[in-house]
Amino acid sequence: MTVQGLAPNAGRLLGSPAVPFESGRRLCLLVEAGETRYAVEATSVIEVAMPGARGASLRGVLEVKDLAALLGGLPEDVPGMVVVLDVSPTLAVRVRSVVEVADVARDPFFLLPPGLADSLAPLSRGAVLHKDRLYLELIVEALPHRAGPRATPPEPRPVHWADEPPERALVLESQGVLFGVPLGSVSQVVPRGEAFSVLPVQSGPVAGVYPHAQALWPICSIPALLGAPARVEELFVLTELAGRNVGLAATRVLGVLQKFKPAELPGTFRAPGLPDPVMLLDLQRMFS
């Protein structure tokens, strides 16, 4: 059973192996698995179908593997949808939903930012932005055929506290804690929006990726630099740290403050109008 209503000729394309693209076209199957969206080249897709009653097999022949679990995440709720991939041996994977078959030839394509290629390669070439949503492009030949242990996150960065406060700092709140970022490092603050994509597995302090200004920005959680889990929040503070584009997740931004005075703990400072101290990390040094 192929999915109906995806795109013109979608059933024919997905029901037959390795149909070459027409000139100037690049067809991809866009799916959601776990909390992440993926793009799969249509020439790598044999079929899209409903799984069996229990979701464990396709027509009692092909065992269905969970795509999110294969990539190191948590299994989907069954039944989901099944995508049969043209690899050797044939691989049938469960996804949460099928979005559409789309021509992405003219959509923006982004390479993975530094620091993520090691954790995602060779599973992903990068990401494509289609209808304002970001899809990680999968290399299906590199997909494992069995779920293994979740990827080991990289070694935590050494924590460096600021010895002196900057003249002015943007103060943000993340996971209930106030942090300050030197104003000279900040370019702008943007809402999360639909273009943001979480990663299939946590990569240290990186919560996900966000396309902006013709580049893919890693979105980091400052509390995760201190050992807390990386969490996605509603705002991104876009910064340049040690020559890199880095977004910092925030629940809210309190504004630009100055006249910081040392507080009781190292690396913490008080500012007029704030009831709680502000943590100031030497982010330039930590990301260098």
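Tabulated results
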| read-out | value |
| --- | --- |
| Space enclosed by the convex hull of the alpha-carbon atoms of the chain, per residue, Å³ | 134 Å³ |
| Exposure of ILE219 as accessible area (Å², to 10), given a probe of 1.4 Å and all protein chains | 0 Å² |
| Choice from ASP103, ASP77, ASP86 with maximal GNM fluctuation in the chain (Cα, 10 Å cutoff) | ASP77 |
| Cβ-based net charge around LEU257, under 12 Å, with every Lys or Arg adding one and every Asp or Glu removing one | +3 |
| Calculated diffusion of the stretch 208-288, Stokes-Einstein form, Kirkwood radius summed over Cα pairs, 20 °C and 1.002 mPa s, µm²/s | 152 µm²/s |
| Rounded percent of accessible protein surface that carbon and sulfur make up, the chain, 1.4 Å probe | 53 percent |
| Gyration tensor (alpha-carbon) shape descriptor, the stretch 148-288, a/c threshold 1.5 | prolate |
| Accessible area in square angstrom per residue, the chain, 1.4 angstrom probe | 49 Å² |
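The values are calculated or read from the model by the stated rules, or taken from the named source; none is laboratory data. Computed from a prediction, not measured in an experiment: that's the story for all the values here. Glycine gets a Cβ as well: all are built from the backbone with ideal geometry, and neighbour counts include every protein chain shown. Accessible surface is based on the protein model in full, side chains and every heavy atom, while ligands, DNA and RNA are left aside. Shrake-Rupley method; radii C 1.70, N 1.55, O 1.52, S 1.80 Å.
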